[in-house]
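Report on the following structure.
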Amino acid sequence: MPKPLIVDIPHDLGRDEAKRRLEHGTDQARAFLAKSGITVDQLAWTGDRLDFGVSAMAQKVAGTIDVGAESVRLEVKLPFLLALFAEKIQKVASKEGNLLLTKK
């Protein structure tokens, strides 16, 4: 089994504002993913942790987002086929996460 993909995104928003932005961002992401044929199977907050699951083309992806006071940590368990694209996925997740957590 491939190692999980991990992205740490630093921020200076504080935990509450970072979580608020992520909550808003997940609504936008769900709509975008649906247009791309990706189904969000699970999206559940427990405290400052978001557990999520998505599926597309018979591939399932599960992960978590942990919101901290100074950083957000994304951890995704990719199936073998998608693990081949882990570097590309990591770059996109880092870029989009930074945009979400730094724009005013």
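The values are calculated or read from the model by the stated rules, or taken from the named source; none is laboratory data. It should be emphasised that the depicted structure is a prediction, and the values quoted were computed from it without experimental measurement. Counting neighbours? That spans all protein chains shown, and the Cβs are built from the backbone with ideal geometry, glycine included. Just the protein is used for accessible areas: all its heavy atoms, side chains included, with ligands, DNA and RNA removed. Shrake-Rupley method; radii C 1.70, N 1.55, O 1.52, S 1.80 Å.
Cβ-Cβ distance below 9 Å, separation of 6 or more or different chains: which pairs start in region 12-32 with a residue that is assigned to a helix (DSSP H, G or I) and end on one that is of a type in the set (D, E, K, R) and exposed (fewer than 11 other Cβ atoms within 10 Å of the Cβ)?
Between residues of region 12-32 that are assigned to a helix (DSSP H, G or I) and residues that are of a type in the set (D, E, K, R) and exposed (fewer than 11 other Cβ atoms within 10 Å of the Cβ), the close pairs are ARG21/LYS103.
Filter region 33-62 down to the residues that are within 21 Å of ALA83 (Cα to Cα) and in a loop (DSSP other than H, G, I, E, B) and list them by number.
Listed by number, the residues that qualify are SER36, GLY37, ILE38, MET57, ALA58.
Please go through region 48-104 and give me each residue that is surrounded by 14 or more Cβ atoms within 10 Å (Cβ to Cβ), within 10 Å of the chain's Cα centre (by Cα) and closer than 14 Å to LEU22 by Cα, ordered by number.
Listed by number, the residues that qualify are LEU50, PHE52, THR64, ILE65, ASP66, VAL72, ARG73, LEU74, ALA93, SER94, GLU96, GLY97.
Tally up the residues in region 1-24 that are within 17 Å of ILE89 (Cβ to Cβ) and not aliphatic (A, V, I, L, M), please.
4
Give region 1-47 a look and list any residue that's touching a helix residue (DSSP H, G or I) at 6+ places or on another chain (Cβ under 7 Å) and open to solvent by 50 Å² or more (accessible area, probe 1.4 Å), or say none.
Answer for region 1-47, where residues must be touching a helix residue (DSSP H, G or I) at 6+ places or on another chain (Cβ under 7 Å) and open to solvent by 50 Å² or more (accessible area, probe 1.4 Å): just LEU43.
Can you run down the residue pairs with Cβ atoms below 9 Å, 6 or more apart or on separate chains, where the first is in region 86-97 and within 7 Å of VAL7 (Cβ to Cβ) and the partner is open to solvent by 70 Å² or more (accessible area, probe 1.4 Å) and not in a helix (DSSP H, G or I)?
SER94/ASP8
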